[in-house]
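Since the structure comes first, as structure tokens, the remarks are kept for the end.
The values are calculated or read from the model by the stated rules, or taken from the named source; none is laboratory data. What you see is a predicted model; the values in this text were computed from it and never measured. Quick reminder, even Gly has a Cβ in these numbers, built from the backbone with ideal geometry, and neighbours come from all protein chains shown. Surface areas here come from the heavy atoms of the whole protein model, side chains and all, with no ligands, DNA or RNA. Shrake-Rupley method; radii C 1.70, N 1.55, O 1.52, S 1.80 Å.
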Amino acid sequence: MNNKQLALVGSLALAAVIGGAAVLYSTMGDAPTTPVPAAAPAGKQPQDSVSADTDPKPEPAPDFTVLDRDGNEVKLSDLRGKPVVVSFWASWCGVCKTGMPDFEEAYAAYGDNVHFMMVNLTAGSETQDVARTYIEEKGYTFPIYFDTEMSAASAYGVNAVPVTYLVDAEGNLVAYGQGRLGLDGIEQGIAMAQGGTLQAES
């Protein structure tokens, strides 16, 4: 083989590897993942691997301010007293949309004992109207919030969605999950935020 033929074969091999990785990612992207203890310092982007520290020291969850449906400012710290599910999403995110029914079901089951903060990354083409319309068309009833200043995303180092954080009643970050959690994963995260005992509506 001459140099041109070698270069062509190498290019084709590289394209095949990239194509295969893209197919694998699209196949696995919707597969539910499992929340893991938040052993890394709060505000760091979660990693795919679980830390070796199985009993991490509680880290205060970074506070942030977002807007509710009525335009009122709400801080994460305002919700202390109950565990909080903080999930970052956008209406253009296919995996986010796939997981929304799971959050709706979890909210119906645990919404009296757990705060849900479905935080929309409201920037660029993702306006409040776009996000609100999507939620209303689907009939979701969980609380949504708008991160219009991207302060919440910045506080948690969010650069990909969906990602969900679980905060205990004292305001400590206890677990996180990258990607779609599925109902089982959401329930597992809530149990971790509740101290290991899953409590539905009474």
Only one of Ala131, Ala191, Ala123, Ala175 is touching a strand residue (DSSP E or B) at 6+ places or on another chain (Cβ under 7 Å), aliphatic (A, V, I, L, M) and either within 21 Å of Arg69 (Cα to Cα) or without any contact (Cβ under 8 Å) to a residue 12 or more places away in the chain (or both); which?
-> Ala131
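So which residues in the stretch 169-181 are on the phi > 0 side of the Ramachandran plot and modelled with pLDDT of 95 or more?
Taking the stretch 169-181 and keeping what is on the phi > 0 side of the Ramachandran plot, we get 171, 179.
Across the stretch 169-181, the qualifying residue is only Gly171.
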Does Thr127 qualify as being open to solvent by 20 Å² or more (accessible area, probe 1.4 Å), out of contact with any Cys (no Cβ under 6 Å at 6 or more places or on another chain) and polar (S, T, N, Q)?
-> yes
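If we scan the stretch 81-102, do we find a residue that is acidic (Asp, Glu), assigned to a helix (DSSP H, G or I) and crowded, with 18+ Cβ neighbours inside 10 Å?
Keep residues of the stretch 81-102 that are acidic (Asp, Glu), which gives 102.
From what's left, assigned to a helix (DSSP H, G or I): 102.
Filter once more, so that each one left must be crowded, with 18+ Cβ neighbours inside 10 Å: 102.
The answer is yes; a qualifying residue exists.
I want to confirm something. Restricting to the stretch 135-154 and keeping residues that are assigned to a helix (DSSP H, G or I) and open to solvent by 30 Å² or more (accessible area, probe 1.4 Å), which single residue is farthest from Arg69 (Cα to Cα)? Write out each step before concluding.
Quick first cut of the stretch 135-154, residues assigned to a helix (DSSP H, G or I) only: 135-138, 151-154.
Then keep just the ones that are open to solvent by 30 Å² or more (accessible area, probe 1.4 Å); that gives 136-138, 151, 154.
Working: Glu136: 11, Glu137: 15, Lys138: 16, Ser151: 17, Ser154: 21 Å.
Of everything passing the filter in the stretch 135-154, Ser154 is farthest from Arg69 (Cα to Cα).
Can you tell me which residues in the stretch 155-178 are open to solvent by 40 Å² or more (accessible area, probe 1.4 Å) and part of a loop (DSSP other than H, G, I, E, B)? Reasoning before the result, please.
So the first thing to find is which residues in the stretch 155-178 are open to solvent by 40 Å² or more (accessible area, probe 1.4 Å), and the list is 159-160, 170, 178.
Within the stretch 155-178, Asn159, Ala160, Glu170 qualify.
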All but one of (1) among the β-branched types (Val, Ile, Thr); (2) at pLDDT 95 or above; (3) surrounded by fewer than 22 Cβ atoms within 10 Å (Cβ to Cβ); (4) over 15 Å from Glu104 (Cβ atoms) hold for Thr197; which doesn't?
-> (2)
Could you tell me which numbered condition Thr127 fails, if it satisfies all but one of (1) in contact with a helix residue (DSSP H, G or I) (Cβ under 7 Å, 6 or more places away or on another chain); (2) more than 17 Å from Asn72 (Cβ to Cβ)?
-> (1)
